[in-house]
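Student: So that we are looking at the same thing, I have put the structure below in structure tokens.
The values are calculated or read from the model by the stated rules, or taken from the named source; none is laboratory data. Since the model is a prediction, treat every value here as computed from it, not as a measurement. Every residue, glycine among them, receives a Cβ derived from its backbone with ideal geometry; neighbour counts consider all protein chains shown.
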Amino acid sequence: MKANFRNGIPRMKKRVLSGVQPSGHLHIGNYLGALKSWVKVQHGYESNFCIVDLHAITVYQDPAELRAKIEEVAALFLASGIDPDISSIFVQSSVAEHAELAWMLTCVTPVGWLQRMTQFKAKSEAQETIGDGLLQYPVLMAADILLYQAAIVPVGEDQSQHLELTRDIAQRFNSLYGDTFTVPATHLPSSGARVMGLDDPETKMSKSAPGAGHAVGLLDPPEVARKKIMRATTDSQPAVNFESLGAGVANLIEIARAFEEWTEERARAEFDGRRYGELKKRVADVVIAHLEPLQRRYREIVGEPGYLTGVLRDGAERVRPVAASTVQLAKARMGLYV
Ligand code: TRP
């Protein structure tokens, strides 16, 4: 096994990297599916959490809104419990090596691999003109991961094709130019909950879905969150029946279970036989009880002048040496001038 060194000190912990696009507002699906598990992961791994603004611009973003969302996402990472003393939180475009490595990786990635990506197909169907960046999106994601020699990449199931591609690109580079990149593991040790849309329990809760009743935002005022949950799509049964749960009801139960970290049995005891109106009221209570302290922390973070900027600057400074040394190595391996 290769020794892992960082700043001359042997690196004992495996490195984790994950990213969130600052496009749209983060919601309870992002929290339960990703942020909540990152908060746990950070104690066992050297953790890097990146706000991927260069990914966001693969589709048009209003500049002022993008700028505001970058800070909103960063503040929500902190409010969710990511500790900047043990994890690095940084903005992708602050570390120029992301774009630099992406170009090198682009040159070893067959176009056919990219055209096959289901997310590219879906996103390009929705666009009138397709920016080249949309096709390159997964190469940039590979650069994010390989730049830090990350062993573990906590992402949702919807990103598994991109992660598989990252592995393919790493292996191709390694076989063409010699061992350079850590090939990340395919799966997470444990992953978070998969939360579905409140208005459409067949699709995953999304930042970019249009419906007002689709997602509960992490910054939604309590009465707004409650209203959305009370209006969630259920089915024609009158009450919760664990023997035949409809998708909407199962989703509401999963939301409460994931927030409270209840076991299956506990969730059953809470909800079996409850009428849907009561179920929704109870789920709304649980969600609001968790959002309130998070929102309080959020307000403290954004209310402290200079704090957030400092966290992002420190995060970028901490990761930059690792990124720079990987780029140096990749350049040397390719014969670029170093
Ligand atoms: N594509 C990821 C998503 O939409 C975001 C992302 C970009 C990412 N770079 C990453 C996730 C690197 C993990 C690691 O969810």
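Student: Residues being touching a Lys or Arg at 6+ places or on another chain (Cβ under 9 Å) and either within 13 Å of the ligand (Cβ to nearest atom) or assigned by TED's automatic domain parsing to the domain that holds H290 (or both): count how many of those fall in segment 28-50. Walk me through how you get there before you give the answer.
Tutor: Step one: list which residues in segment 28-50 are touching a Lys or Arg at 6+ places or on another chain (Cβ under 9 Å), which gives 29-30, 32-33, 44-48.
From what's left, either within 13 Å of the ligand (Cβ to nearest atom) or assigned by TED's automatic domain parsing to the domain that holds H290 (or both): 29-30, 33, 47-48.
Final tally of qualifying residues: 5.
Student: If only one of A212, A170, A193, A225 is more than 16 Å from the chain's Cα centre (by Cα) and modelled with pLDDT under 95, which one is it? Walk me through it before giving the result.
Tutor: Details: A170 fails: modelled with pLDDT under 95; A193 fails: more than 16 Å from the chain's Cα centre (by Cα); A225 fails: modelled with pLDDT under 95.
Sole residue among the options that is more than 16 Å from the chain's Cα centre (by Cα) and modelled with pLDDT under 95: A212.
Student: Let me ask you something else. Kindly establish whether L114 is farther than 15 Å from D168 by Cα and in contact with a Phe, Trp or Tyr (Cβ under 7 Å, 6 or more places away or on another chain). Give the steps one after another, and end with the answer.
Tutor: On the way: farther than 15 Å from D168 by Cα: no; in contact with a Phe, Trp or Tyr (Cβ under 7 Å, 6 or more places away or on another chain): yes.
Criteria not met by L114.
Student: Something else now. Kindly indicate whether G133 is assigned to a helix (DSSP H, G or I), away from the ligand (no atom under 11 Å from the Cβ) and either under 21 Å from the mean Cα position of the chain (by Cα) or more than 26 Å from G315 (Cβ to Cβ) (or both).
Tutor: Working: assigned to a helix (DSSP H, G or I): yes; away from the ligand (no atom under 11 Å from the Cβ): yes; either under 21 Å from the mean Cα position of the chain (by Cα) or more than 26 Å from G315 (Cβ to Cβ) (or both): yes.
The answer is yes for G133.
Residues are listed down the side, and each one gets a yes or a no for (1) among the basic types (K, R); (2) at pLDDT 95 or above; (3) surrounded by fewer than 19 Cβ atoms within 10 Å (Cβ to Cβ); (4) not assigned by TED's automatic domain parsing to the domain that holds Y31:
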site	(1), (2), (3), (4)
Y137	no, yes, no, no
I145	no, yes, no, no
Y148	no, yes, no, no
G156	no, no, yes, no
S175	no, yes, yes, no
H187	no, no, yes, no
